[in-house]
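Just so it is clear, none of the values below were taken in a lab; they were calculated from the coordinates. Since the model is a prediction, treat every value here as computed from it, not as a measurement. Cβ coordinates were reconstructed from backbone atoms using ideal geometry, including for glycine residues, and neighbour counts include every protein chain displayed.
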Amino acid sequence: MQLIKELMYAMKTKIKGRFAIIQISGINWNIHEDAPEKYKLKFLPDFRFVNPYKFSKAYKNLMLLRNNPILINRSCQLHTSGLILEYVGKDAKPQFESIFEKISQFLKYLRFESRQTSINPSAGIYSIHFEGQLEKGLADDINQVDMMATHPRHYLTMVKWINVVNADQKLSKEINLPVFEEMLLEAYSSWGNHEYNKVLLFSTIATESLLAHTYDKIYEIEKTKARPKNTLRMAKGAMGHVKDPIWKALMDRTDFKKLLHEAPLYLINKSILLENEALYKDLIKLYNTRNKIVHLGAPVVHSPDHFIELNSKGAFAALKMAIAVFNWVGNFDYDFMVEEKFISLKEAVN
């Protein structure tokens, strides 16, 4: 009789199906209680994403849960070393190769949406296998935590349910991620890995790409206006194309200094040199250091007036410079990277 009861209980606590168990390097989650149990993926239409909080018991039993989940203000925070997807397609054997490729892309978009640089899209998938059933429900060791507990500011990069949805939608629409933001994330990731030369390289690329993109966007908008700014010299060519020859001359040749001063001064009547000369000088040193690293491997002579030091202090300074430029164009999404203050878990959840 006892055996029958145990079997009946097991049937109630398990659901049958085909579930892809994907082992990855790790993700930190912050999932609200109101999030659905599953989400039908658009980029992988034969699969549903299984909520790691609502199915935390399954994640734990499959050894995909790295810590005891904690519940704060109706949101669960947990760390998983895998993903679970429910297969709802008709093929008896899904193509593993396509799953690997597409999940790698999904991790890339999820990394971007959450700003969680520890997510590893390129080498983060260890294995995929299928299970025929899952345990239902929450893990039995979810703890309530004091709202006054604190974490570093970067704790805000925990993946939320909306990040999953946004990553899926952007990937399904093949929306390209901004190169400059990806490069800044690479710089931040390199900082965490103590790869200081990479921090300087990626910070410079992020800055250069951001400024060029921002100016091009403004310029293209001005071209479509019936009455562009008086400072611009728009003219129609023989083929009817509108362009500004002065702007073309400013941007034709690669010149980092022009991105900081002449180009924005002509286009928007402002420049980093005029508004923040100290930052301008630091950015020139950053660019000089980048050139030395690329062409010679590293700065040959230690010269604080001309180069950034290839150490922890110099790398952090480079990251701060890049973020200062992001702020200058109106993007404040990455301030958490250089803010050292702690915040309450209540702030992290909301």
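Data for the structure
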{"item": "Label point 7 Å beyond Cα of residue 332 along Cβ direction - residues of region 246-290 with amide nitrogen under 11 Å", "result": "none"}
{"item": "Amide H within-cut-off set for residue 68, under 5 Å, with H built and near neighbours excluded", "result": "none"}
{"item": "Sequence of 335, 252, 282 once ranked by neighbouring C-beta atoms within 10 Å, starting from the fewest", "result": "252, 335, 282"}
{"item": "Residue 220 versus residue 90: modelled label distance in nm, points set 7 Å from Cα along the beta carbon direction", "result": "4.1"}
{"item": "Kirkwood Rh (inverse of mean 1/r, distinct Cα pairs), region 2-177, angstrom", "result": "16.9"}
{"item": "Amide H partners (placed H, <5 Å) of residue 32, local residues excluded", "result": "76, 161"}
{"item": "Sites matching trypsin sites (Lys or Arg not before Pro) across region 247-340 that sit in DSSP coil, with at most 15 neighbouring C-beta atoms within 10 Å", "result": "253, 270"}
{"item": "Per-residue ³J(HN,Hα) for region 53-66, Karplus 6.51 cos²θ - 1.76 cosθ + 1.60, θ = phi - 60°, Hz, x for Gly and Pro", "result": "7, 5, 10, 5, 5, 5, 4, 5, 5, 8, 6, 9, 9, 8"}
{"item": "Net charge contributed by nearby residues that have their C-beta within less than 9 Å of residue 133 (K/R +1, D/E -1)", "result": "0"}
{"item": "For residue 294, net neighbour charge (Lys/Arg +1, Asp/Glu -1) across residues whose Cβ lies under 14 Å away", "result": "+2"}
{"item": "11 Å beta-carbon shell around residue 200, net charge (K/R +1, D/E -1)", "result": "+2"}
{"item": "Extension gain (nm, one decimal) between residue 275 and residue 195, 0.36 nm per residue minus Cα-Cα", "result": "25.7 nm"}
